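Have a look at the structure below before the remarks.
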Amino acid sequence: MKSFLFIILLAVFASEPPKDFEQANADFIRDLQEYYTKVSTIQAEFHQQKVSALFTETLVSRGLFLYSRPDKVRWEQKSPTPNYFILNGNTFIQFDGKEVSKSANGNAQSAMIKKFILGTIDGSLLQDKSFTKTLKDEGASMLVQLVPNDKRMKKRVQLISLQFNKKSKLLQQLKIVESEIEYTQITFTKQLVNKPIATEKFN
């Protein structure tokens with residue numbers, strides 16, 4: 001859970017790009033945001049790898065990600081130990097493997113998670129002036145690299161990479177680099193768009 005919370009921090013250093021390159025980037029962000037106005041739900045499996053100086057081996061976890069427009073999210077880890085958190089409007093629900101806790105009005109932490117997840121899904125995060133960004137066309141995918149402008153954030157996270165499939169507009173991979181030897185990488189697979197999701201998944 002804690003490793004996932006680092007996702008909230010972003011941006012990247014770049015020299016002045018040519019105008020046609022800037023236009024291509026602007027077009028991609030516009031198309032991304034336009035596409036997500038038509039998305040009502042997303043379901044995907046995730047595979048997360050955590051590399052840290054605190055552990056001798058890479059920590060691997062797997063689970064399920066669910067999104068329902070406009071502001072419902074379920075992030076459920078199924079292995080190695082079951083746990084989950086749910087965002088439902090302003091309500092934040094968390095199961096730590098033992099008990100469930102709920103905050104009716106949310107809190108600062110859940111607000112940050114909500115901003116990042118929903119902003120990543122619809123592309124609005126890429127317009128956030130709090131971060132610097134660069135986009136790199138990799139053929140079938142678009143790589144968005146982000147670095148936090150805030151000095152306090154930079155002490156926690158050096159770089160975040162978001163890899164979007166150019167055709168489907170879906171997020172394929174997310175990598176959070178905390179230091180030269182520490183990072184979290186999340187890969188999304190088996191993604192389904194606009195398929196019904198049971199309401200109870202968000203309660």
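Every number here is computed from the coordinates shown, using simple stated rules; none is lab data. What you see is a predicted model; the values in this text were computed from it and never measured. Positions of Cβ are generated from backbone atoms using ideal geometry, with glycine treated the same way; all protein chains shown enter the neighbour counts.
A few comments on the model shown:
- Principal-axis tilt of helix 19-36 within the chain, Cα atoms, nearest 10 degrees: 30
- Projecting the Cα atoms of Phe28, Gln158, Gly63 onto the charge dipole of the stretch 2-202, computed from C-beta unit charges around the Cα centre, puts Gly63 farthest toward the positive end.
- What the phi angles of the stretch 171-186 give under the Karplus curve with 6.51, -1.76 and 1.60, with θ = phi - 60°, is a coupling list of 6, 8, 8, 10, 10, 10, 9, 8, 7, 4, 10, 10, 7, 10, 10, 10 Hz, glycine and proline written as x.
- Near-label residues of the stretch 151-173 by backbone N, under 19 Å of a point 7 Å along Cα→Cβ of Glu180: 154-160
- Helix 108-122 and the long axis of the chain differ in direction by around 50°, with both axes built from C-alpha atoms.
- Summary value for the chain: 27 percent relative contact order, contacts being C-alpha pairs under 8 angstrom separated by 6+ residues.
- The Cβ shell under 15 Å around Ser68 holds other residues with a net charge of +3, Lys and Arg each +1, Asp and Glu each -1.
- Note on Thr41/Lys129: beta-carbon distance plugged into 1/(1 + (r/R0)^6) with R0 of 25 Å gives a FRET efficiency of 0.25.
- Highest-first packing order for the peptide set 147-155, 38-46 is 38-46, 147-155, based on the mean count of other beta carbon atoms within 10 Å.
- Within-12-Å neighbourhood charge of Asn90 [Cβ basis; K, R +1; D, E -1]: +2
- Over 28 Å (Cα to Cα) - which of Lys98/Lys169; Lys50/Lys155; Lys114/Lys190; Lys78/Lys151; Lys155/Lys175; Lys98/Lys201 fall in this group: Lys98/Lys169; Lys78/Lys151
- Farthest positive-ward along the chain dipole, Cα basis, beta-carbon charges - from Gln94, Thr134, Leu171: Gln94
- Ranked packing of 55-66, 123-134, most packed first, by mean Cβ within 10 Å: 123-134, 55-66
- Around the Cα centre of the stretch 66-203, unit charges on the Cβ atoms of Lys, Arg, Asp and Glu (plus for the first two, minus for the last two) sum to a dipole of about 240 debye.
- The amide H of Glu178, built 1.01 Å from its N in the peptide plane, has Gln158, Tyr183, Thr184 as neighbours under 5 Å, considering only residues 5 or more places off or on other chains.
- Relative contact order of the stretch 87-152, pairs being alpha-carbon contacts under 8 Å that are 6 or more residues apart, as %: 18
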